[in-house]
Structures are given as structure tokens and as C-alpha cells.
Amino acid sequence: MDNNTVARPYAQAIFEIARDQGSLDAFSASLSTARDMLSDSQLNDFLATPSLTDAKRLEFLHGLFAKAVGADTVFAGGSKQGTNFLKLLLENGRVSVLPAIADQFDTLKANIENKVDVLVTAATALSDQQVGDISSALKARLGRDVSIETKVDESLIGGAVITAGDVVIDGSTRSRLEGLASALTK
């Protein structure tokens, strides 16, 4: 079973709790920190050590979160719901899925806020004007506010690939050349 499938019910549950408490931003920030920390395979290996009890793992995670972002973070003991969420993940052996939970939580949060994160990968750096034009066009097309991150990938040769949630718009020269080569070989 892939991590996204496992993460979905956990993300939905913690999202509903955060929304009901009016603390979407606090949970989002804590989950983002968790995503960053638990992307480290050494930390995951340590947390999977059989000799550690769930109580010791929880204590370790509380300390780690407190050191990373401060004692009042959701997962540093600053929230009963945050602590209970970590306990649940530990009991079910799902702490390693926290990065996927964070991703899905962010998607749920963006949906309720009518926002979408967009990644524009271009062959060259984009000007502020180009980013603004892309932002305006996507806002009109998607009917949502957009937050754009840009990345340069010289292998695209020219053009850009835009990823907005499940929508991918491939306007790269490389893609067009591959399409032309495919058409010629048929």
C-alpha cells in the first residue's frame, strides 16, 4: 500500500480537528516541520528501533519538535490533539507517513482557502512579468488564487511545464520535439 493511501484518513482526521479549532495554520506549520524532519531516513530508522517504546518515541519527538520550532508547537506538547495524533501514529506504526500526511493536509487546506500551489519549471529563469502573466492566466483558468514557485530545468530546451495540483500543462520544447519524433516514426 502506498503512503498516500495510508496518509489520506489521517490527514482528513487531523484536518477536521484543526479546522474545528480554527488552527489550520498552526497544524500546517507543525506538519511542514514534521515533513522536513521525517524526510531524513536516519531519523526514520532511529524511530523504527525495536527497543524503543512508543512512550520514548513520543518523548523524543516532543523534544525534537520543541527544539526545531519552539515549545508551543502542536507536536511539541503544545496541543492535546497534536500529542494524541502522534500517539496514534506511533501505536499504528505510521510515523514515517507524516510527510505524506503533511502534503495531503496542505492540499485540503488549500482547497478550503480556494488556493492552489503551482510549480512552473522553465528552461530559463522567468521574469517577474512572466510570473505575473502566468499567475493571472492560471487564476482565470482554475478559478482559484495561485501561489507560484519557479524552477529552472535547462533540459526542457525552451518553454515551460506548469503543475497545479492534478493539472499538468506541458508547453516545453522538449515535449513538442518528442511528439514530433513519435509522429515521424509511426
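Taking label points 7 Å from Cα along the Cα-to-Cβ direction, S147 and V167 give a separation of 1.8 nm.
Output needed for the range 1-118: three equivalent-ellipsoid semi-axes, defined as square roots of 5 times the C-alpha gyration tensor eigenvalues, in descending order, whole Å. Each step should come with its number before you reach the end.
Working: eigenvalues 100, 52, 32 Å².
Values for the range 1-118, descending: 22, 16, 13 Å.
Potential lengthening of the chain between N111 and D2 amounts to 37.0 nm, from the contour at 0.36 nm per residue minus the alpha-carbon distance.
P(r) tail for the range 60-152, what percent of Cα pairs lie past 15 Å?
Values: 3047 of 4278 pairs.
Pairs farther apart than 15 Å: 71 percent.
Share of carbon and sulfur in the accessible area of the chain stands at 51%, probe radius 1.4 Å. Over 24 Å apart at the Cα level, from the set K80/K109; K151/K186; K115/K151, are K151/K186. For the chain, the solvent-accessible area works out to 58 Å² per residue, with a probe of 1.4 Å and every protein chain left in place. Summarising the strand pairing of the chain, around 55 percent of its internal DSSP beta bridges are antiparallel. Here the chain is assigned +1 on the Cβ of each Lys and Arg and -1 on the Cβ of each Asp and Glu. Its dipole about the Cα centre then comes out at about 260 debye. Nearest 10 degrees, 0 to 90: what angle lies between the long axis of helix 24-37 and the longest principal axis of the chain (Cα atoms)? Between the helix axis and the principal axis of the chain, the angle is about 90 degrees. Projection of the Cα convex hull of the range 1-52, averaged over all directions and equal to a quarter of that hull's surface, yields 4.6 nm². Using C-alpha pairs below 8 Å separated by at least 6 residues, the relative contact order for the chain is 19 percent. With everything on Cα atoms, drop me the angle between helix 80-91 and the longest principal axis of the chain, reported from 0 to 90° to the nearest 10. Rounded to the nearest ten degrees, it is 90.
Computed from Cα atoms, the angle from the helix 3-21 axis to the main principal axis of the chain rounds to 70 degrees.
The values are calculated or read from the model by the stated rules, or taken from the named source; none is laboratory data. A quick note: this is a predicted structure, and the numbers were derived from the prediction, not measured. Using ideal geometry, Cβ is built from the backbone for each residue, glycine included, and neighbour counts are taken over all protein chains shown. Each accessible area value is taken on the protein alone, full model and side chains, heavy atoms only, with ligands, DNA and RNA left out. Shrake-Rupley method; radii C 1.70, N 1.55, O 1.52, S 1.80 Å.
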